[in-house]
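Throughout, read-outs are computed from the coordinates displayed, never taken from laboratory work. As the structure is a computational prediction, the values presented were derived from the model and not from experiment. Backbone-built Cβ (ideal geometry, glycine too); neighbour counts: all protein chains shown.
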Amino acid sequence: MHEYSIVQALIRRAEETARAHAARRVEGLRVRIGTLAGVEPVLLLAAFEVCREGTLLGDAELSIESVEAQWACRCCGCGIAAGGALRCEACGGPGQLVAGSEIELDSIALEVDDV
Ligand SMILES: [Zn+2]
């Protein structure tokens with residue numbers, strides 16, 4: 001399942017970051033998921049519960065921020081309302097998706113030993 005490979009990639013990146021900072025564990029992850037990214041947050045959370053076992057993210061919390069789709073004109077850059085013709089009202093140019101397809105690791109909270 002697609003969500004598992006996403007979660008594994010997120011965990012790998014979080015672990016790399018944790019090691020780079022000599023962190024003991026990862027406390028939490030925050031990801032941004034576009035509504036058009038083809039990812040089900042519920043499935044992502046379920047996959048995370050399974051995949052975090054035995055990693056530095058063993059009791060980390062995953063929070064998901066949903067990002068609404070946004071369109072803009074490819075020619076002049078002005079915003080275009082979703083759900084319509086996806087053509088620019090100002091110049092007639094074609095719309096392109098500028099937000100809503102992302103799967104991004106937004107932030108990682110680490111627990112680091114006091115030195
Ligand atoms: Zn335009």
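Return one quarter of the surface area of the convex hull spanned by the alpha-carbon atoms of region 1-51, equal to its mean projected area, in nm².
3.7
Full extension of the segment from residue 99 to residue 2, taken as 0.36 nm per residue of separation minus the current Cα-Cα distance, would add 32.9 nm. The reciprocal of the average 1/r between distinct C-alpha atoms defines the Kirkwood hydrodynamic radius, which for region 31-115 equals 15.3 Å. Taking the Cα centre of the chain as origin and assigning +1 to Lys and Arg Cβ atoms and -1 to Asp and Glu Cβ atoms, the resulting dipole is close to 500 debye.
Under the rule of -39500 (n - 2.57) per DSSP H run of 4 or more residues, summed and divided by the residues of the chain, what mean residue ellipticity at 222 nm is obtained, to the nearest 500 deg cm²/dmol?
So the helix-based figure for the chain works out to -8500 deg cm²/dmol.
A cut-off under 14 angstrom between Cβ atoms defines the neighbours of residue 57, and their net charge, with Lys, Arg +1 and Asp, Glu -1, is -1. Net charge in the neighbourhood of residue 26 (other residues with Cβ under 15 Å of its Cβ; Lys, Arg +1, Asp, Glu -1) is -3. Summing +1 for each Lys or Arg and -1 for each Asp or Glu among the other residues whose beta-carbon sits under 12 angstrom from that of residue 41 gives -2.
Annotation: amide H of residue 70 within the under-5 Å range of 98, 99, 100, sequence separation 5 or more or interchain, hydrogens built in the peptide plane.
The GluC sites (Glu not before Pro) of region 1-101 meeting both criteria, a DSSP state outside H, G, I, E and B (loop) and at most 14 other C-beta atoms within 10 angstrom of the site's C-beta, are 53, 68, 89.
Distance between the C-alpha centres of region 82-115 and region 1-76: 15 Å, rounded to the whole angstrom.
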